[in-house]
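Below: one structure, written as structure tokens.
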Amino acid sequence: MKITDVKIYPVSVSLNRVAPSGVNVGWVFVEVKTDEGITGWGECSNYPRKGNILVAHAVETVKGALIGRDPSHIEAIWQELYRNYTYLGSRGLITTVISGIDIALWDIKGKALGKPIYDLLGGPVRDGIPLYTHPQYGTPKVVAESARKQVAEGYKAVKTDPFWEEMGPTHTARMSGYISTRGLQRGVEIIAALRDAVGPGIEILIDAHGNYDVASAIRCARALEPYNLTWFEEPVPPESYEALRQVKESVSVPICTGERLYTRWDYLPVLQNRLADYLMSDVCWTGGISELKKIASLAETYYVNISPHGAMGPIQILAGAHVVKTVPNLYRLEITSLWVPAFNEAISHPLDIRGGELYLSDRPGLGIELNTDYIKANPDPEWK
């Protein structure tokens with residue numbers, strides 16, 4: 001079998017029809033075609049700030065190196081792409097490009113062998129994959145009521161980002177990293193209402209999006225300690241392990257990090273220095289299924305659980321799910337349940353979510369095809 005073509009589909013979808021979020025979501029899907037008629041699908045979405053367009057152009061640039069290759073040589077292709085761009089730092093942009101290709105190659109391998117990807121990764125260690133989700137943003141009342149409904153659907157863990165100062169509309173507007181007393185108090189009010197709504201048995205996770213300086217991150221975490229948090233995520237920007245250490249040593253709330261770490265080499269010092277209690281690699285950014293499996297195995301040696309980031313698109317969720325179905329050290333897989341209707345419009349089979357858990361089928365590969373009519377009807381206007 002040989003690769004004959006690679007196609008890129010940047011997609012922009014308004015969620016107003018399917019979720020009370022009032023935002024657009026962007027996806028980048030990768031289609032790898034072969035001379036035996038088997039097509040593999042991958043995703044390498046990187047939103048916002050036109051990140052999807054940067055990624056799509058990068059995939060377009062490297063795809064020529066794939067034509068004529070055997071798609072079953074997944075590790076060789078991964079290593080070659082990674083090393084070919086080492087002068088760019090070999091992380092972030094290039095690992096996102098690799099992710100879309102890697103996921104598609106695993107999809108092809110599963111289809112060629114008639115097996116779901118999780119069977120090729122060692123087989124399942126669990127049936128349902130536990131999830132955590134996000135309540136709707138808004139006032140304390142809105143957040144609390146949304147979470148109450150999600151708990152009624154079976155979700156046992158919810159995550160929100162109550163501290164909006166310095167974040168901006170897309171969580172990337174950080175400058176000083178300072179949070180005011182009022183900004184801090186507003187966040188506390190949201191989490192107090194959330195805890196009251198869901199009761200003591202539901203897990204609450206906090207996302208700071210790496211927006212705060214060390215002192216502000218510590219103030220935020222300490223202010224929320226009475227609400228029995230499961231984790232405090234990305235308290236400071238990802239560039240400084242030393243800043244993360246200062247926060248970790250100053251608060252009692254467990255720390256989660258890794259959304260913006262990319263390969264096993266990035267995670268090793270976090271594990272060696274005990275800087276986090278949970279790791280949240282993103283299968284669309286870290287190098288795909290191949291690298292997520294390796295990171296999970298590395299974390300297992302330190303008895304640290306993984307919880308893959310999954311707040312973007314449908315293939316991201318499914319690719320992450322195939323990996324975590326095979327690893328023992330899973331906390332939960334992330335999903336934005338309010339977006340599930342949009343996800344299901346883009347794929348051939350709807351996500352099977354029951355009682356707050358995701359179930360994978362025994363269909364080969366990822367277990368789905370992309371709805372090409374849907375993605376072609378919703379192109380990102382910035383693409384070509």
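The values are calculated or read from the model by the stated rules, or taken from the named source; none is laboratory data. If you're wondering where the values come from, they're calculated on a predicted model, not measured in any experiment. Neighbour counts are summed over all protein chains in view; Cβ atoms, including those assigned to glycine, are modelled from backbone coordinates with ideal geometry. Just so you know, the surface numbers come from the protein's heavy atoms only, side chains and all, with ligands and any DNA or RNA stripped out. Shrake-Rupley method; radii C 1.70, N 1.55, O 1.52, S 1.80 Å.
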* Could you tell me whether region 360-367 includes any residue that is closer than 20 Å to Ile103 by Cβ and among the hydroxyl-bearing types (Ser, Thr, Tyr)? => yes
* Asked: Quick one: how many residues across region 285-317 are open to solvent by 10 Å² or more (accessible area, probe 1.4 Å) and either among the aromatic types (Phe, Trp, Tyr) or in contact with a strand residue (DSSP E or B) (Cβ under 8 Å, 6 or more places away or on another chain) (or both)?
  -> 8
* Structure fact -> Taking region 123-162 and keeping residues charged (D, E, K, R) and either buried (at least 20 other Cβ atoms within 10 Å of the Cβ) or touching an Asp or Glu at 6+ places or on another chain (Cβ under 6 Å) (or both) leaves Lys159, Asp161
* Structure fact -> By residue number, the members of region 20-61 that are open to solvent by 10 Å² or more (accessible area, probe 1.4 Å) and either hydrophobic (A, V, I, L, M, F, W, C) or under 20 Å from Ser72 (Cβ atoms) (or both) are Val23, Glu31, Lys33, Thr34, Asp35, Glu36, Gly37, Ile38, Thr39, Ile53, Leu54, Ala58
* **Number of positions in region 220-239 that are modelled with pLDDT of 95 or more, of a type outside the set (A, V, I, L, M) and surrounded by fewer than 20 Cβ atoms within 10 Å (Cβ to Cβ)** => 5
* To do: Specify which of the listed residues (Gly89, Gly100) is surrounded by fewer than 21 Cβ atoms within 10 Å (Cβ to Cβ) and either under 12 Å from Val32 (Cβ atoms) or not hydrophobic (A, V, I, L, M, F, W, C) (or both).
  => Gly89
* Structure fact -> Picked from region 70-116 (must be outside any helix (DSSP H, G or I) and at pLDDT 95 or above), the residue nearest to the chain's Cα centre (by Cα) is Pro116
* Looking only at region 133-141, decide whether some residue is farther than 23 Å from His309 by Cα and not in a loop (DSSP other than H, G, I, E, B). => yes
* If you take the residues in region 368-384 that are in contact with a helix residue (DSSP H, G or I) (Cβ under 8 Å, 6 or more places away or on another chain) and over 15 Å from Gly313 (Cα atoms), which one is most open to solvent (accessible area, probe 1.4 Å)? -> Glu382
* Tyr178 being among the hydroxyl-bearing types (Ser, Thr, Tyr) and open to solvent by less than 30 Å² (accessible area, probe 1.4 Å) -> no
* To do: Answer yes or no as to whether Gln272 is within 26 Å of Leu93 (Cα to Cα) and open to solvent by 40 Å² or more (accessible area, probe 1.4 Å).
  => yes
